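What follows is a short report on a single structure.
The values are calculated or read from the model by the stated rules, or taken from the named source; none is laboratory data. All values derive from a computational prediction rather than experimental measurement. Methodologically, a virtual Cβ is constructed for each residue, glycine included, from the backbone with ideal geometry; neighbour enumeration extends over all protein chains shown. Accessible surface areas use protein heavy atoms only, side chains included; no ligands, DNA or RNA. Shrake-Rupley method; radii C 1.70, N 1.55, O 1.52, S 1.80 Å.
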2 protein chains.
Amino acid sequence: MTARASPKPKTDRGERTRQKILSAAAAEIGKRGFSVTSISDITAAAGVGQGTFYIYFQSKEEVLREMVLQMGRDLRQHLSAAIAGTRSRLDAEREGLRAFIEFVRGNPGLYRIVEESQFVDETIYRRHYMDFAATYRAALEAAEARGEIRKGSAEVRAWALMGMAVLLGQRYGIWDVATPLDDVIGPAVDLIGRGIQP
Amino acid sequence: MTARASPKPKTDRGERTRQKILSAAAAEIGKRGFSVTSISDITAAAGVGQGTFYIYFQSKEEVLREMVLQMGRDLRQHLSAAIAGTRSRLDAEREGLRAFIEFVRGNPGLYRIVEESQFVDETIYRRHYMDFAATYRAALEAAEARGEIRKGSAEVRAWALMGMAVLLGQRYGIWDVATPLDDVIGPAVDLIGRGIQP
DNA sequence: GTCAAACATGAATTGATCGTCATATGAATG
DNA sequence: CATTCATATGACGATCAATTCATGTTTGAC
């Protein structure tokens, strides 16, 4: 749709201003939503002039793209750290799910931004999920090769398991932050590990 | 937020006009998205004057609410019909999942509208999911009581299974409509029934 | 300390949508 | 065929957000 991104700042001051705008945008959009947040809301929250926005970004959409990428990196790192010490695929599922819901509880705004990006720039949203799916799929295939899990389509499983995490994240990470996570993780991991059949 | 809904039409002509607007809104919003669709886009597509919109609706948001409710009814009916003849909980899962992805494939616009409603009127979106979760949960509890499935939190399971369906619906109902459904349903139902462990 | 490039500003311009309203038409009643 | 209520219209004024730009300030190299 749009052309190339804006050029990077060339001085420290510029970099700082750019970051102020990005932080303010994340806070405002995360709180109130993308479409209702105006550029002047963002610049006001950042404490800069209206025109300053256009020195660093071409549009609100460009800011959103950057935030989705950022959130992908943050989440990836959070999940990697959580899974690092695990000894089996099921343990990885357990710790990954816990870390994901914790991340959502800790960053409800970021989570919301990613979901809303679907309706602003589907390409970036899709890539976000595709990237996670590819990683997830590779992990499942490796576990299958090690004989840790039964044979089965890693692609379908990856999307199914991501879907579980996403909706549980919505339900227990945003709508209800009172339920102890163990009450959620336990039954969910049991479902992942052994299914519902007797 | 807003007060009461607009009064219902009192004549056949009025009812027909209202429906024309609703259909046009579903088509336009489903295709291009809620926030970028203007009321004049809707009235133009419906073939009525701008002011006519306000005879039947107070705002675009009110139209969206109505569409989400409508889609909930449609989907519920579609799923009920699909599950009707099944003989076990796992069969119900299989046919329910198949019916859901089929519904998404057949009504991508409606599906999109529901997801976008989250960012327009969270109350209606949340109710949509809560209602489905309550039904799902009841079905799982009944199956557990019959001894058809292992014991486990029906609430967590319901949300986990809905999440699976939603993301698989996105992946195989909207982004990729070429993969045969059986290639998806099989692995997914295997996961639901027996999990990933050997 | 001078100078050029980078950065910052916010008022003004531009463009678009919302929602209203005065007016007109359709349909049903007696 | 007259009356009345419901429905329909689309131009218009009010509002609001996006983007530009002429002008001013800061930075850092030399």
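Hey, how many Å between the Cα centroid of segment A:160-198 and the Cα centroid of segment B:61-137?
Value for the Cα centre distance between the two parts: 20 Å.
List the trypsin sites (Lys or Arg not before Pro) within segment A:100-161 that fall in a DSSP loop (any state other than H, G, I, E or B) and whose Cβ has at most 12 other Cβ atoms within 10 Å.
Those that pass, being in a loop and sparsely packed, are A:ARG146, A:LYS151.
Given label points at 7 Å from Cα along Cα→Cβ, what nm distances, shortest first, separate B:THR86 from the same residue in every other copy?
Between copies, matching label points for B:THR86 lie 2.7 nm apart.
Which Rg and Dmax, in Å, describe the Cα atoms of segment A:60-194?
When restricted to the Cα atoms of segment A:60-194, Rg and Dmax are 14.9, 47 Å.
Hey, if you put +1 on the Cβ of every Lys and Arg and -1 on every Asp and Glu Cβ in segment B:61-194, which of B:ILE149, B:ALA84, B:TRP159 ends up farthest toward the positive end of that dipole?
B:ILE149
Take B:ARG105 and A:ALA138, extend 7 Å from each Cα along the Cα→Cβ direction, and tell me the distance between the two endpoints in nm.
So the two model labels end up 3.1 nm from each other.
Over 20 Å intervals from 0, what percent of Cα-Cα pairs in the protein assembly as shown sits in each interval?
25, 54, 20, 1
A:ASP41 label point, 7 Å along Cα→Cβ, cut-off 18 Å on backbone N: hits in segment A:73-114?
Once the point is set 7 Å along Cα→Cβ of A:ASP41, A:108-114 turn out to lie under 18 Å by backbone N, inside segment A:73-114.
Would you mind checking B:LYS8/B:LYS31; B:LYS10/B:LYS60; A:LYS8/B:LYS60 for any pair whose Cα atoms are more than 29 angstrom apart?
Too far apart for the 29 Å limit: A:LYS8/B:LYS60.
Please report Rg (one decimal) and Dmax (integer) in Å for the Cα set of segment B:7-57.
Cα only, segment B:7-57: 10.6, 32 Å (Rg, Dmax).
At the nearest 100 Å², what buried accessible area, both sides summed, do you get for A and B when the probe is 1.4 Å?
Buried area (both sides, nearest 100 Å²): 4600 Å².
Expressed as a rounded percentage, what relative contact order does chain A have, with Cα pairs under 8 Å and six or more residues apart?
21 percent
What is the diffusion coefficient of segment A:1-116 in µm²/s, taking the Kirkwood radius over Cα pairs and the Stokes-Einstein relation at 20 °C with a viscosity of 1.002 mPa s?
Estimated via Stokes-Einstein, D reaches 137 µm²/s.
At a 1.4 Å probe, what is the % contribution of carbon and sulfur to the accessible area of chain B?
Answer for chain B: carbon and sulfur cover 52 percent of the accessible area.
Using θ = phi - 60° and the Karplus form 6.51 cos²θ - 1.76 cosθ + 1.60, what ³J(HN,Hα) does each residue of segment B:65-76 get, whole Hz, x for Gly and Pro?
3, 4, 5, 5, 4, 4, 5, x, 4, 4, 5, 4
Give the residue list of GluC sites (Glu not before Pro) in segment A:141-198 that are DSSP loop and have at most 15 other beta-carbon atoms within 10 angstrom.
none
What distance in nm separates the two pseudo spin-label positions at A:SER6 and B:SER88, each 7 Å out from Cα along the beta-carbon direction?
Result: 6.0 nm between the two label points.
Might you report the magnitude of the Cβ-based charge dipole of chain B about its Cα centre, with Lys and Arg at +1 and Asp and Glu at -1, to the nearest 20 debye?
440 debye
Taking the convex hull of the alpha carbon atoms in segment A:62-129, what volume per residue do you get, in Å³?
Cα convex hull per residue, to the nearest whole number: 76 Å³.
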